1. Could you tell me whether G403 is in a loop (DSSP other than H, G, I, E, B) and over 20 Å from the mean Cα position of the chain (by Cα)?
2. So if I check each of K89, K122, K98, K146, which one is open to solvent by 20 Å² or more (accessible area, probe 1.4 Å), more than 29 Å from W417 (Cα to Cα) and under 20 Å from the mean Cα position of the chain (by Cα)?
3. If I filter the range 153-161 for residues that are under 30 Å from H246 (Cβ atoms) and free of Cβ contacts under 8 Å to residues at least 40 places away in the same chain, do I get at least one hit?
4. Is it true that Y108 is in contact with a Lys or Arg (Cβ under 8 Å, 6 or more places away or on another chain), among the aromatic types (F, W, Y) and under 25 Å from S443 (Cβ atoms)?
5. Filter the range 135-153 down to the residues that are within 24 Å of D444 (Cα to Cα) and out of contact with any Leu (no Cβ under 9 Å at 6 or more places or on another chain) and list them by number.
6. Taking S322 as the residue in question, decide whether it is of a type in the set (G, A, S), farther than 23 Å from L110 by Cα, in contact (Cβ under 8 Å) with a residue 12 or more places away in the chain and surrounded by 22 or more Cβ atoms within 10 Å (Cβ to Cβ).
7. Regarding V379, is this residue assigned to a loop (DSSP other than H, G, I, E, B) and under 14 Å from the mean Cα position of the chain (by Cα)?
8. Only one of these is in a loop (DSSP other than H, G, I, E, B), open to solvent by 30 Å² or more (accessible area, probe 1.4 Å), out of contact with any Cys (no Cβ under 6 Å at 6 or more places or on another chain) and modelled with pLDDT of 95 or more: K242, K232. Name it.
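The values are calculated or read from the model by the stated rules, or taken from the named source; none is laboratory data. Nothing here was measured: the structure is a model prediction, and the numbers come from that model. Glycine gets a Cβ as well: all are built from the backbone with ideal geometry, and neighbour counts include every protein chain shown. The protein model used for the area step is the full one, side chains on, heavy atoms only, and it has no ligands, DNA or RNA in it. Shrake-Rupley method; radii C 1.70, N 1.55, O 1.52, S 1.80 Å.
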Amino acid sequence: AQTTDPVKPKTFNPKTDDKLKEIPEPVTLTWQKNKSWGDKLFDQGRIFNGLRYYEEAVRKNQQATYLFQKMADGYFALRNYWAANKYYKLLVDIDTSKHNNYYALYQYALTDKYIGNYEKAKLGFELFNRTTQNVHDKEIEDQRKKADRESLGCDLGIQMRDDKTFKEIKAIHLDSNVNHPNTDYAPVLTDARTLVYSSWVSDSVILIGKKEKYATFSRIYTSKKTGNVWSKAELVPGEINKINFHVGNTAFAADGKTLYYTQCLQDDDQRIRCNICKSLLGDSGWVAGIKLDASINAPGATNTEPAFGKNEAGENVLYFASDRNKDKGLDLFYAKVNTDGSLGKAQAMGGNINTDGDEMTPFYDFQTNTLYFSSNGRVGIGGLDVYKTKAGNGTWSEPENLGMPVNSSVDDYDYFWSEKDGLGFVVSNRPGGYGLQAATYCSDDIYQVYQY
């Protein structure tokens, strides 16, 4: 499941890109050379490209079954769950008599769940727990707890999938005026007709030394609605689409003249770190943003996905996600918005919101006083599911899963809802998007959610 702003390895074409011609085609190499290239590319974070060499290595030497683990994990990292499931099954079948590869057994069940094979996945999680019941290891014990949770998620998925009662919500895939072959994310309405969102619009890469870097960057776009049609997206005016930075995740203040957004830097190994910036509306658009202080932007951490809202005490706050707490993934934080517009010290949300998994993409609907967010640390029907909670008596209610069709068997996040307009959005990598490769790979698209 996704844990930071969307960043995906990009494809390259060595036949047409002069800067990449030094990388040989897999079919021209021996299986040993293909393995070597696969290892090298994996070490550089170039998973998609490395898999091409591993596939060819196994094709040329069917005894190289030890590569199945890297291939399964690589495809899983790319969210190509069908291919990952295939290789985890091969690993499980190889280990069928002893079941010592506990990790593969668990991942095989998990990919079955993400594909939507809930009944099969549930049996897989139960098999994992039976197989490991006498293994006294902290990591395996934690994994058994996760298997119990994922099994309950399968039950919930079956229940929601088979629910034949009338649903008042539909999720419709937006067309190519808005969505692109790479990731589109963070949709918000600034009014009933204006959509602002973030997007990667090219899969081109450049080679610096022997490492890939993106030739284009995540940018902030806007689209206008006429009738039921969204216009071709255009860059938002101003200076916030800064050269050499990835930008996205917008949060507009009520006055419409103040904007918080995320600005990210990516290193040569495709690791990314984000910070939240503030911009003001000028005569020709949004001026270049100023990075917020260390209370919000914890040094060395990713700090991202700002959203205005109210906390459980009814105070105006800025929500955001951060991985500043080591080994806890992404958690939700908030900072009080003072009367002069400044921000107070950031605080983590209460334990009934944050889990040992990832919590991200907060959104607060002021019309219903409801906080929405996504998590993969709860009983859910997919990877990241969207949940909602309301404050009462100074605390948050138990988060409620929004169910289908907002959620699916894969990742669903960046939920936005306007009660006044009966209209919203969710971002998902469910099958049916404009992905470059497999049904769920590199295909985070925006879906319009509406009542009817």
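1. On the way: in a loop (DSSP other than H, G, I, E, B): yes; over 20 Å from the mean Cα position of the chain (by Cα): no.
Considered against the rule, which asks whether it is in a loop (DSSP other than H, G, I, E, B) and over 20 Å from the mean Cα position of the chain (by Cα), G403 comes out as no.
2. Values: K89 fails: under 20 Å from the mean Cα position of the chain (by Cα); K122 fails: under 20 Å from the mean Cα position of the chain (by Cα); K98 fails: under 20 Å from the mean Cα position of the chain (by Cα).
Selected residue: K146, the only one of K89, K122, K98, K146 that is open to solvent by 20 Å² or more (accessible area, probe 1.4 Å), more than 29 Å from W417 (Cα to Cα) and under 20 Å from the mean Cα position of the chain (by Cα).
3. If we filter the range 153-161 for residues that are under 30 Å from H246 (Cβ atoms), which is where we start, we get none.
So far as the range 153-161 goes, no, none of its residues is under 30 Å from H246 (Cβ atoms) and free of Cβ contacts under 8 Å to residues at least 40 places away in the same chain.
4. Working: in contact with a Lys or Arg (Cβ under 8 Å, 6 or more places away or on another chain): yes; among the aromatic types (F, W, Y): yes; under 25 Å from S443 (Cβ atoms): yes.
In short, yes.
5. Filtering the range 135-153 down to residues within 24 Å of D444 (Cα to Cα) leaves 150, 153.
Selection gives G153 alone.
6. On the way: of a type in the set (G, A, S): yes; farther than 23 Å from L110 by Cα: yes; in contact (Cβ under 8 Å) with a residue 12 or more places away in the chain: yes; surrounded by 22 or more Cβ atoms within 10 Å (Cβ to Cβ): yes.
Yes, satisfied.
7. no
8. K232
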